[in-house]
Amino acid sequence: MFDFVNRKKRIVQIVLLLAVMPFMFWGIQSYRSDGQKGYVAIVDGEEIQRREFDQALRDHQARLREMLGGNLDTAMLDSYELKDSVLEGLIQQRLMFREAVENNLTVLDSQLISEISQIPEFQLDGQFSTKQYESFLRSRGLSPVAFESRVRQELLLRQLLDGYSENGFVPDRVVDTVMYLSEVQREVSQAQIKPEAFLSQVEPTEADIEAYYASHQSEFVLPERARVEYVVLSLDELAETESVSEEAIRHYYETNQQEFGQGEERQARHILIAAAVTVGDEEKQQARDKAQKVLDQVLKDPEQFAKLAEEYSDDPGSSSQGGDLGFFGRGVMVKAFEDEIFQMQPNEISDLVETDFGFHIIQLTDIKKAVTSDLTEVRPQIEKKLKIQAVESNFGEVAEDFNNLVYEQSDSLQPAAERFQLTIQQSDWIDRSSSDPQVLANASMMDAIFSDNAILEKRNTEAIEVMPDTLVSARVLEHQPETTQSLSVVRDDIVVRLKQQLADEMAIQKGREALAALQAGEKDVKVDWSDAQYVSYMQSQGLEPELLRAIFKVEVETLPGYAGIENPQGGYSLIRISQVKEPEAGNEEKHKNFGKQLQQMKTQEEMSAYLSSIRQRYDITIRSDSY
């Protein structure tokens, strides 16, 4: 969000970008509908509106398209992670502004004027021009009051974070040490002493088994369990009992052709010369004249369309792609834009097309003809759809009758099964965490199954909607309360655990003995060393951080040097350091740049910790259906 290296004018330019985002055009998404209304999150009582989130997301997507170009994975643009990151950015903005206000930070009018007057877009012949300023903002649909409010807010945030961005300090000695450690390399070989090699040599005693059982009782507790029978009433299953005539299927196919194929799609490039609906006649005419000049160049040499789009188009979402909007069907673009494209011929170039966004020059590059599936291919889906339509209108009444029946005749599921032609199914032993069968893996369903009403009173559960248009009622057949398994039942499991534990201890002991012998200089230690390789903190060669730290703790005045650590997954790793490759002498510029990187890292860590602490102090609610 902030550029802490070069901010003098950049901070205001960022504000300008943020302020005009709702009025700019970010590729094909700009021509779609506004989307959902409402809010996506609440920060300390203030709502972040969905339109603000959607615009911020489009802005971020546009930047990714521009940065990555053809290397962009388009699936990433709609990923949960990307949307979550955008929302987090908006939340942090709100939190930092709250902090600035809480700390009584202010921005003097003189500061505001100074910052705004330095923006090149507002200058004429090197001097700030009020007319230029007002004209520029008006062309983007902004008022000076709204823009200045944004600038003032951003300057507040800059003051808040100055302590982190301006005062980070890393001593030269630290820079020297970290730089050396990041570049020095050590040639190492490894040997793994694995527990599996000792399994046949260990056997736990009966006393060991009993002691383990006594001290790990909680590991051998069986949760409360039940075996149930159940019936499922679903819209889909009821629909299967319906019959649909061939005539009805054919009629639906013939009257709903658009459902059974891909409509015609067209690919086009465009060059946009922006002119918002709020601009005056003079500005609009200037935009039209500019667009006409660009159109003249295009018509003179159509092969240069992509190049001219990159140079002149005001649509940053497509200009970097030569104006390419990709393939799209009807109903995606604004009407005037769409009407023109769908009457053009391939490679044809349009006259100027005016929309609320400005003036477009369009080149149709390709056409995908509409394709309709044959009736035999789509017959099953039509039949299923018609069956569902036949039963969904009265499914609510059926569901209510089902619920009443399993309640009124609660001593059996048979009446409900017969009435609604359902199959009574049975489960294996299940507990509250069971995921199979899926229709029972529902918190409300589990609460009903393990209730006193179902277990002690032997009654059917109520009919519970476990997923849309799917109701389930269950009946407990057998029940077992939470119990601790006896030693005789779990003895074999304990033996396996103890053998692994004893073998691991033996492997560690053997590893330590081998390490001690190697460090003492004994020559007859038998170790199967791996091939040697150079490693460093910057090039770890896949080694675990703990192992890497152990390697660089070894004193290397005399080589070879040895180290060893216990492996998290069991066993012991022996390490031999054969050689040390010292880094090349660095120059002053390299040292300076490395110091800047360390300073930036320290700044980022401190800022991250600060933002994290802020978040803990405010009430934040994120809607579960935000994206």
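Among the candidates 289, 236, the residue that is of a type in the set (D, E, K, R) and closer than 30 Å to residue 371 by Cβ is uniquely 236.
For residue 580, the requirement of being closer than 18 Å to residue 196 by Cβ, touching a strand residue (DSSP E or B) at 6+ places or on another chain (Cβ under 7 Å) and among the β-branched types (Val, Ile, Thr) is not met. For segment 151-169, the criterion of being within 29 Å of residue 281 (Cα to Cα) and either surrounded by 14 or more Cβ atoms within 10 Å (Cβ to Cβ) or assigned by TED's automatic domain parsing to the domain that holds residue 62 (or both) is met by at least one residue. Residue count for segment 192-210, restricted to those that are farther than 30 Å from residue 489 by Cβ, touching a helix residue (DSSP H, G or I) at 6+ places or on another chain (Cβ under 8 Å) and not in a helix (DSSP H, G or I): 2. The residues of segment 544-573 that are out of contact with any Leu (no Cβ under 6 Å at 6 or more places or on another chain) and either aromatic (Phe, Trp, Tyr) or outside the structural domain of residue 511 (by TED's automatic domain parsing) (or both), listed by number, are 552, 572. Quick one: is residue 145 among the β-branched types (Val, Ile, Thr), exposed (fewer than 14 other Cβ atoms within 10 Å of the Cβ), in contact with a Leu (Cβ under 8 Å, 6 or more places away or on another chain) and outside any loop (DSSP other than H, G, I, E, B)? When the stated conditions are applied, residue 145 does not pass them.
In this structure, is residue 174 in a helix (DSSP H, G or I) and loosely packed, with under 14 Cβ neighbours inside 10 Å? For residue 174, the condition - in a helix (DSSP H, G or I) and loosely packed, with under 14 Cβ neighbours inside 10 Å - is met. Filtering 229, 224 for residues that are in contact (Cβ under 8 Å) with a residue 12 or more places away in the chain and either within 38 Å of the chain's Cα centre (by Cα) or outside the structural domain of residue 461 (by TED's automatic domain parsing) (or both) leaves a single hit, 224.
Once segment 535-558 is narrowed to residues that are more than 36 Å from the chain's Cα centre (by Cα) and among the β-branched types (Val, Ile, Thr), the residue that is surrounded by the fewest Cβ atoms within 10 Å (Cβ to Cβ) is 558. Of all residues in segment 415-451, those satisfying the criterion of being within 14 Å of residue 473 (Cβ to Cβ), of a type in the set (S, T, N, Q) and either surrounded by 14 or more Cβ atoms within 10 Å (Cβ to Cβ) or not assigned by TED's automatic domain parsing to the domain that holds residue 472 (or both) are 425, 427, 442, 451.
Pairs are defined by a Cβ separation below 7 Å, a sequence spacing of at least 6 or placement on different chains, a first member in segment 343-367 that is of a type in the set (D, E, K, R), and a second member that is crowded, with 17+ Cβ neighbours inside 10 Å; the pairs so defined are 348/364; 366/267.
When you scan segment 347-365, do you find a residue that is closer than 22 Å to residue 61 by Cα, of a type in the set (Gly, Ala, Ser) and touching an Asp or Glu at 6+ places or on another chain (Cβ under 6 Å), even just one? No; the residues of segment 347-365 include none that is closer than 22 Å to residue 61 by Cα, of a type in the set (Gly, Ala, Ser) and touching an Asp or Glu at 6+ places or on another chain (Cβ under 6 Å). State whether the residues of segment 378-391 include one that is of a type outside the set (Gly, Ala, Ser), farther than 30 Å from residue 208 by Cα and out of contact with any helix residue (DSSP H, G or I) (no Cβ under 9 Å at 6 or more places or on another chain). For segment 378-391, residues of a type outside the set (Gly, Ala, Ser), farther than 30 Å from residue 208 by Cα and out of contact with any helix residue (DSSP H, G or I) (no Cβ under 9 Å at 6 or more places or on another chain): present. Considering segment 508-530, the residues that are touching a strand residue (DSSP E or B) at 6+ places or on another chain (Cβ under 9 Å) and assigned to a loop (DSSP other than H, G, I, E, B) include one that is surrounded by the most Cβ atoms within 10 Å (Cβ to Cβ), namely 527. The single residue among 458, 499, 510 that is touching a Leu at 6+ places or on another chain (Cβ under 7 Å) and either charged (D, E, K, R) or assigned by TED's automatic domain parsing to the domain that holds residue 565 (or both) turns out to be 499. Taking the numbered list (1) hydrophobic (A, V, I, L, M, F, W, C); (2) within 17 Å of residue 504 (Cβ to Cβ); (3) modelled with pLDDT under 80 in turn, residue 181 passes all entries but (2).
Of all residues in segment 368-406 being of a type outside the set (A, V, I, L, M) and not in a helix (DSSP H, G or I), which is nearest to the chain's Cα centre (by Cα)? Among those residues, the one meeting the criterion is 368. Checking each residue in segment 343-377 for being surrounded by 15 or more Cβ atoms within 10 Å (Cβ to Cβ) and either modelled with pLDDT under 85 or among the aromatic types (Phe, Trp, Tyr) (or both) picks out 357, 359, 372, 373.
Listed here are the helices (runs of 4 or more DSSP H) enclosed by segment 211-310 that have at least 3 residues being among the charged types (D, E, K, R) and closer than 30 Å to residue 384 by Cβ: 235-240, 246-255. Does at least one position in segment 452-468 carry a residue that is surrounded by 15 or more Cβ atoms within 10 Å (Cβ to Cβ), more than 21 Å from residue 229 (Cα to Cα), of a type in the set (D, E, K, R) and touching a helix residue (DSSP H, G or I) at 6+ places or on another chain (Cβ under 8 Å)? No. If you go through segment 335-360 and keep only what is under 39 Å from the mean Cα position of the chain (by Cα), on the phi < 0 side of the Ramachandran plot and of a type outside the set (D, E, K, R), you end up with 336, 337, 341, 342, 346, 353, 355, 357, 359, 360. Could you list all residues from segment 192-217 that are more than 16 Å from residue 506 (Cβ to Cβ) and surrounded by 12 or more Cβ atoms within 10 Å (Cβ to Cβ)? Across segment 192-217, the qualifying residues are 209, 210, 211, 212, 213, 216. Would you confirm whether or not segment 301-308 contains a residue that is in contact (Cβ under 8 Å) with a residue 12 or more places away in the chain, acidic (Asp, Glu) and out of contact with any helix residue (DSSP H, G or I) (no Cβ under 7 Å at 6 or more places or on another chain)? No, segment 301-308 contains no residue that is in contact (Cβ under 8 Å) with a residue 12 or more places away in the chain, acidic (Asp, Glu) and out of contact with any helix residue (DSSP H, G or I) (no Cβ under 7 Å at 6 or more places or on another chain). Residues of segment 302-341 being of a type in the set (A, V, I, L, M, F, W, C) and either at pLDDT below 85 or closer than 21 Å to residue 57 by Cα (or both), which ones? Matches in segment 302-341: 325, 328, 332, 333, 334.
The values are calculated or read from the model by the stated rules, or taken from the named source; none is laboratory data. From a predicted model like this one, the values you see are computed outputs, not experimental measurements. Glycine gets a Cβ as well: all are built from the backbone with ideal geometry, and neighbour counts include every protein chain shown.
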